[in-house]
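Student: Before I ask anything, here is the structure I am working with.
The values are calculated or read from the model by the stated rules, or taken from the named source; none is laboratory data. Computed from a predicted structure; not experimentally measured. FYI the Cβ positions are ideal-geometry reconstructions off the backbone, even for glycines, and counts take in every protein chain you see. Keep in mind that these areas ignore ligands, DNA and RNA; they rest on the heavy atoms of the full protein, side chains included. Shrake-Rupley method; radii C 1.70, N 1.55, O 1.52, S 1.80 Å.
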Amino acid sequence: MKKNLVYIAAIALGTQLLGSCKKELEVNSQGRQTTDTYYKTPAQAFTALVAVYDRFGFQTGGLYDKLAINDVAGGDQVAGGGSATDINDLQVMQTWTLSSTSGPESYIWNRSYTGIYRANVLLAQIDGCGLDAATKTRYIAELKAMRGAFYFDLVWYFKNVPLLKGILPVDSLYSVVQAPPADVYAYAEADLLAAIPNLPQTVSIGSEGGRLTQGGAKAILGKMYLFEKKWQQAADMLKDVNGPNPGVAASSYGYSLLPKFSDLWKPSNKFNSESVVEFVHTSTSNGGWSDAGASEGNLICIISGPRGYSVVKDSVAPDYYSGYSFLMFTKDFATAMYGDPRYGATVANMDSLVATNHAKYNAAAAYGNTGFYLNKYMGHAADVASVSGTKELNFPQDEYEIRLADTYLMEAEALMNAGADVSSAGRAYQLFNAVRNRVGLAPTTVTQANIEHERWMEFAGEGQRFPDLVRWGKAATVLASRGFVAGRNEIFPVPQTELNNTKLEQSKEWGGTK
Amino acid sequence: MKAKLLLHLRALLFFQILFFTATAQNRTLTGTVSSKANGQSLGGATVSVKGTKIATTTDNSGNFTLSIPANARALVVSYIGMTNQEISIPASGSVSVQLEQSTVSKLDEVVVVGYGTQKKSVVTGSISSVRAADLEEQPVVRVEQSLQGRTSGLTIASQSGQPGAAATVRLRGFTTFGTVGKNDPLWVIDGVIVDAGGIGYLNQDDIESIEVLKDGASAAIYGTRAAAGVILITTKKGRPGQLRINYNGWYGTQEPMKKLSLANASQYALLRDSALSAAGKPLAFPNPASYGAGTDWQKAIFNYSAPKTNHEISISGGSDKSTFFTSFGYTNLTGVVASDISKYQRMNYRINTNFKPAKFISFGENLGFEHGKSSGVGETNREFGGVVSSAINLDPITPGIVNDTVKYAAFIPVNPAQWSAATKTGSGQYYGISPYVGQEMKNPLQYIQNHLGNYNWDNNLVGNAYVDISPIKGLVIHSTFGTKMAWYGYESFTPVAYYNTSTSINQSNVTRNDAWLINWNIENTISYNRTLGGHNVTLLGGWGEYKDGNARTATVVYNNTPATTFDQATFNTTVYNALPADRQNSNATDGTDHRVNSLFGRLQYNYQEKYLLQALVRRDGSSRFGGNKKFGYYPSVSVGWVPTLENFFPQNDVLNNLKIRASYGVTGQDLITPDFAFIPVVGAGGQRNYSFGTAGNVNIGYAPNAPANPILAWEQTKSTDVGFDAILFNALTFSFDAYQKTTTGILENPVLPGYAGYGSFAQNLGEMQNKGLEFELGYKRKIGELTLGVNGNVSFYRNKLTKGLLGQAYLDDNSATFQNLGGIARTQIGGPYNQFYGYKYLGIFQTQAEVDGYVGKDGATKLQPKARPGDLKIANLQNDNTIDANDRTYIGNPNPTVSYGLTINLAYKNFDFVAFGSGSGGNQIFQGLRRLDIGTANYLTKYLNAWTPTNTGSKLPRIIDGDPGQSYSRFTDLYLESGNYFKMRTIQIGYTLPKSMTTKWGCQRLRAYFLVENPFTITKYDGFDPEIGISPDAGAGSMFGVDRGTYVPARSFLFGVNVGF
């Protein structure tokens, strides 16, 4: 009996010890959420959606974005800055010395794939978030539209990229291979097509400006069709965006060209009627230098401002905010554009301001200074954030990813290539000349050369020139003097960090096997 | 929790009832113990009944009274420094025991092995011990210092000469990589685990013994946290007998051990001019000689009579029923550099008691409390802004204080009106602002003035309460509750200050930081010991539960208060009622707890102390792991054989005792950052936010940081150790160990392919190996009145990384970077951890023809087109047409491969003498004293002998402004110097007054001594100190041997007394 008691006691004690062990190893996670505990409420679903939009409008803490890369790559602008290595990722786009280890390709790559991952996370979790059916449908549409846009960027810049349709499991991290480009385009198209019917026609710009709309998704898809040279499909898709009477009446989505070109560049003029897809920035995020990429301010505003700027006669001189002298136009471009009605809104001629003694700036400190600054996006003192933190990282000006003038010209180009009527009776002519008419230019004929010229002038400094040159097959000739190598520089190299330890292959253009 | 404690108590009670049996009738035995050599009675000798725990201690007259059971047969009498003696108990009457001076007493020592003690003679692991006797009267303030050079297997290097500064401790090399602290051994004080760096609270004089568990088999009893080795510290306990009062105190002064030979003002002007003229630029200092000696910045901040004081008083005593040891300590140190802001004060209180109300039960506690207050000169081995770095790099032309505003107008701040109050001395003179050397280099006198009053403080309470129940003979149930509670923080005031054109502080602030943490552990063990026919078995079983974790902190900052000095600054808003709320900032942090649950069992067996075996297993569960990986098992086994006890072993006078040991053990590591690495944490904010709409508000975004890694597992270190302990000629002890330890599954956060879209997560990837040899030697001999003792140890170790990260050819982990040289280290797979990595230089170009003739593979391309005679010739290791980053290679090892220590003790009549030194070698030091990114920084005088067209024999390349030939702006082996050194650490002479004299004054012992600390160092290294630990400063990397201008160590001259009542 006594012996039994010992056993019972020992067993009781033993099980108590063992049983309690595991439970006590669960410690308070101090507010940390996990994928198991999060994604349970509509509010949480919204925050996850926000994280995908973050990548949509993302600028790197290295102070650039897609617009800046394309601006320098397009040949009309120099990198500038403070030295030959200042924001080196932009400098190499000017000299075409980018390589798989040095250049902006990792930014494009990581921005898109992080966005795709975040979209896939919410798509996988959305059923548990308790959303009402309409909101859920809309969220899914927004996620797919953005995923499609991310893949469009990836396949256009890199050609050979992995196609991940869901969250990549940890155990297959290193076994991923690249997909045929056609598959990636097809997947992106399907995503956008699936999204379009479920997106709102319009959003309340006060609270939801910047969220994707049907018009926005159609513009992205139309642009992708155009880049794929699917002319008719491009024209059809863009037609809905542009509306039945381009330049005359607002489209069914409410889009119309702003009467005054320069109004496009007023930071307060957010989500105006010409804006189709817009990247949102704000002065209230209190972004700082410890993580400039986390700022919601527009970083292009500070990098494009002139160094050491100060106003001499404040009634006349613009209130530019002293910046870092990046993205200056070349003298050749300024000369070519001079006389165009859009010149003043596009180019800021600093040297003439200095010559007339209206303002001063430190031209000597600007690397490769041309004196012609990017007026569309330069920061203004009046817009400077009222935050106590780092003012220079918190400019509120938004960026156009696609605006109506772009979809007009894209549709005109698609129609022309699809063999549609380009005479003054045709829609292509109407679209094309609506853009010219807005700035007071006389109508002219729709030809490849005229479309090229119009896009060049209209979108100078908006990151359109480089992709345009590439898709028109003109990059090699136009950019030859800068060192562009035909058959290589049309695409970006796959970043070396993606090749290490993985099954990915470098593209043939960059000496690889893919 | 409560329920479990109750259950536990009930269980204890149950065992008591079950096993409580009346012990046999006792009787009382009295006796005396004395020294055979001189007949003096021995107070404090231990008298115990053989085979039992019954023991007492003799009083000061050597008398003892002991209650012994009727079945007791023999007594064992021991005394430090004497041979143990066993005598049979007479049937009646008292006993008189005479002990002989032991030559070698080590075999009878008892060592602490973790959850118990073991006789040294039967220990099968590799354990080094340091006893109180070796440490007493050494003027060390921190425990690491007391271990330095004392035992084999430890590499210890001070991080700074700052008073109270910690040292880097590596036990048998680097076990792992990753977070710096992962390589710090586990410190266990009286059974309480204190985190690394948390041992600073301990008063040296309270330590009874330190045991270093070096091999895996010994350390495995501490399971998951033992991979980097375990150091056990036992504090002093009281002994039954008369009250003992001991006082130990010392006082002395310190001076910097070394002063660098820096250029004076005219030499500086000359060097700058020659650099400028070499570059074809106009001279900056037309008449160098006119500047004279200028400012000696080192002299300005060095203190050659910095005081150092320590007082320690302890009272101990007790009876059969209870004993106590209590002590009070006070330490006050002043740094030799910038003494006004380099101070360390510590107060310690300790109470260790034991109560034994009945034979079968005893309980008590060991409790230490410390209050510390210190102020530091800031970054002590960092080139950005520390006072030492400033003193090295500032030009000697700038005056420390401007006493002539006309003559020295160039050294007054720009726009003095704006800065006047913030840049003047108390007597209204400006501090000199260097117009030549700027950036973070500040006038150190001004820096000192602006940091007056700032201090750090800490309070620590570390201790445990325990109960031992021994219901039957041999069985001990031990239950303990331990805790470490710490409160610490800092108070600082930063005034508006102008240091130079690029460094100024525009807004003052007063800051208070408070942090606290409470760690605790509960451990219960049951052990049973039995000897049957020569078979001695001890079984131990136990469980433990541990909680530790990060501190909770709160920081409050008031900006732009009206105060201008630390003393004026206050947080009282009643004083600052006008201070707007937006100038009052605060923030707080929460730490995540770390929990460990353990079960362990151990078998110790020996047959006639001839065949020895120990086997143990520990199971640890850790809160840092998920799923099925929460628990880890740590088995170990060790065996020993003592052939000298075999009958067949020939009797001889040479080899008196030999023990051969072998062990194998597995230990683990669960230190992972960040917390919750095994679960997919969803992060918020930062690069996840986005704004919608015209309102401009920011929406907070949430997205996972990284996916789950449920297979995240422990790092495992498997150690093998073979060795032997021998006693030769009855005077010489010798120990040898050879070990190999392999760590697998080292946690790293590798760079992931970007297409994954998620962040990096911890994975078990790396493998590392350490191999080493260790020798310890002891010699003790009495020749007439002279006693001679020598103790020495030498350790060799080699470390290599055997596996890095997924196909990567090298590892870049916590590697140091240096200014514009960039990274200076990396780890090659197959090579030692964090080696120096840079260019090799082949010599100095002597002629332009040599430069032009140095061509690449194609035979035509000049490899160093910008070089000129006097520049370094860099090896073209790639054998291509350029010298570029690919030509770098592994050029040196910062880790010492050998460390050694030597102690010599001499005693003659009443005089005693100790000399103790230690050293290390086989490594290189990066001599980075000069700021390379400041071309105008001052030089060591050795650069006066740099290469010039007329001084072509120099080993230093030419000095030229801008360094177009990149002789100094590439990391070459020119920057590496041998790290070999031997440091004499203490020389001490003591005199004990004759007892006949001191007893008249009522004291048992009165000894006075004179001591010199750090009298000299033998080294070729030209910085302050070749002993350079791993700097705790950010960006320093997990590396030994990078000298960015360390705080110079002090040489001290101390006088001390020990008094015993």
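Student: Using only atoms on other chains, find how many Cβ atoms lie within 10 Å of each Cβ of peptide B:861-872 and report the average. All intermediate terms of the calculation are to be shown ahead of the outcome.
Tutor: Numbers: counts 0, 0, 0, 0, 0, 0, 0, 0, 0, 0, 0, 0.
Rounded to a whole number, the mean comes out at 0.
Student: Name the residues of the stretch B:745-777 whose accessible area, probed at 1.4 Å, falls by at least 50 Å² once all protein chains are in place instead of their chain on its own?
Tutor: B:Pro753, B:Gly754, B:Tyr755, B:Gly757, B:Tyr758
Student: Over all Cα pairs of the stretch A:148-300, how is the pair count split among 10 Å bins, expressed in % and running from 0 up to the last occupied bin?
Tutor: Going out from 0 Å in 10 Å bins, the stretch A:148-300 shows 10, 29, 32, 23, 6, 1 percent.
Student: Could I ask something else about it? Ratio of alpha-carbon Rg to the 2.2 N^0.38 Å globular estimate for the stretch B:663-754, to two decimals, please. It would help to have the intermediate numbers written out before the result.
Tutor: Values: Rg = 25.6 Å, N = 92, 2.2 N^0.38 = 12.3 Å.
Taking the Cα Rg and dividing by 2.2 N^0.38 Å, one obtains 2.09.
Student: Among DSSP bridges having both ends in the protein assembly as shown, what percentage is antiparallel? Round to the nearest 5. Mind showing how you got there, number by number?
Tutor: Details: 383 of 396 bridges.
Roughly 95 percent of the DSSP beta bridges within the protein assembly as shown come out antiparallel.
Student: Give me the inter-chain shielding for A:497-503: mean count of other chain Cβ atoms within 10 Å, whole number please. Please list the in-between numbers first.
Tutor: Details: counts 4, 5, 1, 8, 8, 6, 1.
Across A:497-503, the average partner-chain Cβ count within 10 Å equals 5.
Student: Now for a different question. Scaled to the compact-protein estimate 2.2 N^0.38 Å, what is the alpha-carbon radius of gyration of chain A, rounded to two decimal places?
Tutor: Details: Rg = 26.1 Å, N = 514, 2.2 N^0.38 = 23.6 Å.
Here the answer is 1.11, to two decimals.
Student: Right, here's the next one. By per-residue mean of other Cβ atoms within 10 Å, what is the highest-first order of A:61-67, B:280-286? All intermediate terms of the calculation are to be shown ahead of the outcome.
Tutor: Working: A:61-67: 21.0, B:280-286: 12.4.
Output ranking for A:61-67, B:280-286: A:61-67, B:280-286.
Student: Given the DSSP H assignment, sum -39500 (n - 2.57) over each helix run of at least 4 residues in chain B and divide by its residue total; what's the result at 222 nm in deg cm²/dmol, nearest 500? If you can, show how the numbers build up before the last one.
Tutor: Details: 11 runs with 79 residues, N = 1061.
That calculation yields -2000 deg cm²/dmol at 222 nm.
Student: Here's something else I'd like to know. Taking the solvent-accessible surface of protein heavy atoms with a 1.4 Å probe, what is the per residue accessible area of the protein assembly as shown in Å²? Numbers along the way, then the final one.
Tutor: On the way: 60560 Å² over 1575 residues.
Accessible area per residue, the protein assembly as shown: 38 Å².
Student: To the nearest whole number, what is the average tally of beta carbon atoms from other chains within 10 Å of the beta carbons of peptide A:110-123?
Tutor: 4
Student: While we're here: Could you please state how large a percent of the accessible area of the stretch B:993-1061 is carbon and sulfur, counting protein chains only and using a 1.4 Å probe? Walk me through the numbers before you get to the answer.
Tutor: Working: 1710 of 2570 Å².
Answer for the stretch B:993-1061 is 67 percent, counting heavy atoms of protein chains only.
Student: Also: Quantify, in whole percent, the carbon and sulfur part of the accessible surface of chain A (1.4 Å probe; protein heavy atoms only). Write down the numbers at each step before the final one.
Tutor: Details: 10050 of 18690 Å².
Using a 1.4 Å probe with all protein chains present, chain A comes out at 54 percent carbon and sulfur.
Student: Let me ask something else. For a distance above 18 Å, tell me the whole-number percent of Cα pairs in the stretch B:794-915 that qualify.
Tutor: On the way: 4951 of 7381 pairs.
It works out to 67 percent of all Cα pairs.
Student: Follow-up. How much net charge surrounds B:Pro704 when only other residues with a Cβ under 12 Å from its Cβ are counted (Lys, Arg +1; Asp, Glu -1)?
Tutor: Numbers: positive: A:Arg32, A:Arg118, B:Arg688; negative: A:Asp36.
It works out to a net charge of +2.
Student: Just give the residues from the stretch B:669-684 buried by at least 50 square angstrom of accessible area in the all-chains context relative to the isolated chain, probe 1.4 Å, and say none if nothing qualifies.
Tutor: B:Phe676, B:Pro680, B:Val682
Student: If the cut-off is 24 Å between C-alpha atoms, which lysines fall inside it for B:Lys484, apart from same-chain ones fewer than 8 positions away?
Tutor: Of all the lysines, those that pass the test against B:Lys484 - Cα under 24 Å, at least 8 places apart if same chain - are A:Lys22, A:Lys23, B:Lys2, B:Lys4, B:Lys182, B:Lys236, B:Lys237, B:Lys373, B:Lys547.
Student: Give the percent of DSSP beta bridges with both residues in chain B that are antiparallel, rounded to the nearest 5. Walk me through the numbers on the way to the answer.
Tutor: Working: 365 of 378 bridges.
DSSP beta bridges in chain B are roughly 95 percent antiparallel.
Student: Report, to two decimal places, the Cα Rg of chain B normalised by 2.2 N^0.38 Å (N = number of residues). Could the numbers behind the result be given before it?
Tutor: On the way: Rg = 32.0 Å, N = 1061, 2.2 N^0.38 = 31.1 Å.
Dividing the Cα Rg of chain B by 2.2 N^0.38 Å gives 1.03.
Student: What relative contact order, as a whole-number percentage, does the stretch B:661-711 give when Cα pairs under 8 Å and 6 or more residues apart are counted? Can you show the working numbers first?
Tutor: On the way: 53 pairs, mean separation 19.5, N = 51.
The normalised contact order for the stretch B:661-711 reaches 38 percent.
Student: When only Cα pairs under 8 Å and 6 or more residues apart are kept, what is the percent relative contact order across chain A?
Tutor: Details: 896 pairs, mean separation 95.7, N = 514.
About 19 percent, as a whole number.
Student: Another question, then. Dipole of chain B (Lys/Arg Cβ +1, Asp/Glu Cβ -1, origin at the Cα centre): which of B:Tyr664, B:Met485, B:Ser508 lies farthest to the positive side?
Tutor: Towards the positive end, the residue furthest out is B:Tyr664.
Student: How are the alpha carbon pair distances in the protein assembly as shown distributed across 10 Å bins from zero to the largest one, expressed in percent?
Tutor: The calculated distribution, bin by bin, is 1, 6, 12, 16, 17, 15, 12, 9, 5, 3, 1, 1, 0, 0.
Student: Quick query: amide H of B:Asn657 versus all other amide H atoms, modeled in the peptide plane; which residues come in under 5 Å with a sequence gap of 5 or more or a different chain?
Tutor: Amide H neighbours of B:Asn657, under 5 Å, 5+ apart: B:Ile727.
Student: Next question. In percent, what relative contact order does chain B have, based on Cα pairs under 8 Å that are 6 or more apart in sequence?
Tutor: Working: 2904 pairs, mean separation 119.7, N = 1061.
Computed value for chain B: 11 percent relative contact order.
Student: Under a straight-distance cross-link criterion of Cα-Cα below 21 Å, which lysines are reachable from B:Lys857, leaving out those fewer than 8 residues away in the same chain?
Tutor: Of all the lysines, those that pass the test against B:Lys857 - Cα under 21 Å, at least 8 places apart if same chain - are B:Lys840, B:Lys866, B:Lys873.
Student: With a 1.4 Å probe, what is the total accessible area buried between chains A and B, in Å² rounded to the nearest 100? Walk me through the numbers on the way to the answer.
Tutor: Numbers: alone 21470 and 44800 Å², together 60560 Å².
Buried: approximately 5700 Å² between B and A.
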